[in-house]
Amino acid sequence: MKVINVGIIGVSGYTGLELVKMLINHPIFTLTYCANTEGETTLSVLHPSLMGVCDLSVDKVDLDRAAAECALVFLALPHKTAMNTAKGLLDRGVKVVDLSADYRLSAENYEAFYCEHEDIDNLSHAIYSIPELHGNIAKGARLIANPGCHVTASLMALTPFLDHIDLTQPIFIDSKTGVSGAGKSPSAAVHYVSVNDNINCYNIIKHRHATEIEQHASALCSHDVKVTFVPSLVPMTRGMLACVYATLKTSCDPLVMMESFYADKAFVRVRTAPPHTKMTSGTNFADVYATRHGNALVSMCAIDNLMRGASSQALVNANLMMGLDEGLGIPKIAYVP
Ligand SMILES: NC(=O)c1ccc[n+]([C@@H]2O[C@H](COP(=O)([O-])OP(=O)(O)OC[C@H]3O[C@@H](n4cnc5c(N)ncnc54)[C@H](OP(=O)(O)O)[C@@H]3O)[C@@H](O)[C@H]2O)c1
C-alpha cells in the first residue's frame, strides 16, 4: 500500500511526542512535517528521548509547506489556537485531526466555555469520534474533533448503561487524572511540591468536560443527559480513572452488559475486577468494569490520558479517515511495572 505523508503541528508538547513515537513505527503513515511556535530545531533536541531514533527538523508553522508535504495533519495545539490552523489546512485540502476542544462542542456550548468560535463553517462538518461508541463515522472525514480525555473515559463507562439508568436521577462522575493532563507548561497547580503526596479536586461541577460529556451522551441516547462531574488531580505522570455512579431502572447485570456492549472491540478490555490505570499506560486500551449495589450502578474506565485520551485515539481516527485498519501502528503493550 502507498505510504501516506502526515504532519504534526504542536510537536514539542506531550501529545505531540506520543504521536511521533507511534508514527515512527506506522506501516503506512510517514511523518514528513513537524512544527511548533519557534521552529528551527529538531525532534531529538526537543525530545532528548528520541536521540538516535528520530531527528526530523521542526519548523515554524507554515501551512503552505504542510499542505505541500502532507495529506493529513495532527494538531496537538492548545484550545483556541487550533481552529485558525485547522481552517487554513482544510482550505488547502489537507485532512485534519484536532486534539484540542475547538471542534468538539456546538458553537453555543463552545462559546460558553472557551471564546468566540472563529471557524463556524468547519465546526458543523467536524466528526466527533470514539470508534467503539460512534462506529466507523471517521471514515472519509476531512476534520476529526478528537474527544477529551476525561470525556473519553467517562463516556466509555456511562454509555453501555444509558438505556438502563434512570436519567431523572443524578449521575455523578468522579474522574482522577495524572499531571500530564495539563500539558507541559509549568504552573503552581502542577508544581511537584503542590502535587506530590496530595490529591485534590479541581473545577468541580463547572469543568468544561462536563458539557462535552452531556452533549455527546445525549446525542448517543437521544435523551437529555445531565451529569455532576468532579475531576481530581493525583500525583502520577499519566493515567486516568473515571467512575460513574447512577441509579439503575432495570435488573441488568452490569458486567454482562459491559461484555455484550464491548464484545469484539479490540481496544476495550472488560475486567472482572476494578482496573488499574497502569494496566493501560502507553496503550490505546480502555479497561472497564461495572457492578451494582441494589439499584446503584458503579461503572468505571481506566485509560492513559495521553494515549486513549488523546494521541492513540487520534491515530485510530486517522487510520479510519484514510480507510486503513483501525489498529495500524497502535501500541498494545503497557509500561508495566
Ligand atoms: N495532555 C493530555 O492528556 C491531553 C488529553 C486530551 C487532549 N489534550 C489536548 O491536546 C492539545 C495538546 O495538549 P498537550 O498536552 O500536548 O499540550 P502541551 O504539552 O502544552 O503542548 C502544546 C504544544 O502546542 C504548541 N503551541 C502552542 N501555541 C502554539 C502556536 N501558537 N503555534 C504553534 N505551536 C504552538 C507548543 O509549542 P511550543 O513548545 O513552541 O510552545 C507545544 O508543542 C491541547 O489542546 C489539549 O487540551 C491533551
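The values are calculated or read from the model by the stated rules, or taken from the named source; none is laboratory data. In this text, all values refer to a predicted model and were calculated from it rather than measured experimentally. No Cβ is skipped: glycine too gets one built from the backbone with ideal geometry, and neighbour counts run over all protein chains shown. Ligands, DNA and RNA are excluded from the accessible area calculation, which covers all protein heavy atoms including side chains. Shrake-Rupley method; radii C 1.70, N 1.55, O 1.52, S 1.80 Å.
Tabulated values for the structure
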item	result
Any hit, region 74-93, residues being within 14 Å of the ligand (Cβ to nearest atom) and β-branched (V, I, T)	yes
Residue in region 320-335 that is touching an Asp or Glu at 6+ places or on another chain (Cβ under 7 Å) and either aromatic (F, W, Y) or crowded, with 16+ Cβ neighbours inside 10 Å (or both) present	yes
Wholly enclosed helices (runs of 4 or more DSSP H) of region 98-140 bearing at least 2 residues more than 18 Å from the chain's Cα centre (by Cα) and assigned by TED's automatic domain parsing to the domain that holds K87	107-113, 120-123
Per-region count, region 158-187, residues away from the ligand (no atom under 16 Å from the Cβ), of a type in the set (A, V, I, L, M, F, W, C) and either at pLDDT below 95 or part of a helix (DSSP H, G or I) (or both)	2
Selection from region 190-210 of residues that are open to solvent by 90 Å² or more (accessible area, probe 1.4 Å) and modelled with pLDDT of 95 or more	H191, Y192, V193, D197, I199
Hits in region 22-55 (condition: buried (at least 18 other Cβ atoms within 10 Å of the Cβ), away from the ligand (no atom under 11 Å from the Cβ) and not in a strand (DSSP E or B))	M22, L23, H26, L43, L50
Criterion violated by S232 - all others in (1) small (G, A, S); (2) touching a Ser or Thr at 6+ places or on another chain (Cβ under 8 Å); (3) assigned to a loop (DSSP other than H, G, I, E, B) satisfied	(3)
Tabulated pairs, region 125-151, first surrounded by fewer than 18 Cβ atoms within 10 Å (Cβ to Cβ), second at pLDDT below 95, C-beta under 8 angstrom, 6+ apart or interchain	R142/H125
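Conditions (1) under 26 Å from V336 (Cα atoms); (2) at pLDDT below 95; (3) surrounded by fewer than 24 Cβ atoms within 10 Å (Cβ to Cβ), marked per residue:
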position	(1), (2), (3)
M240	yes, no, no
L255	yes, no, yes
F261	no, no, yes
R269	yes, no, yes
A273	yes, no, yes
H276	yes, no, yes
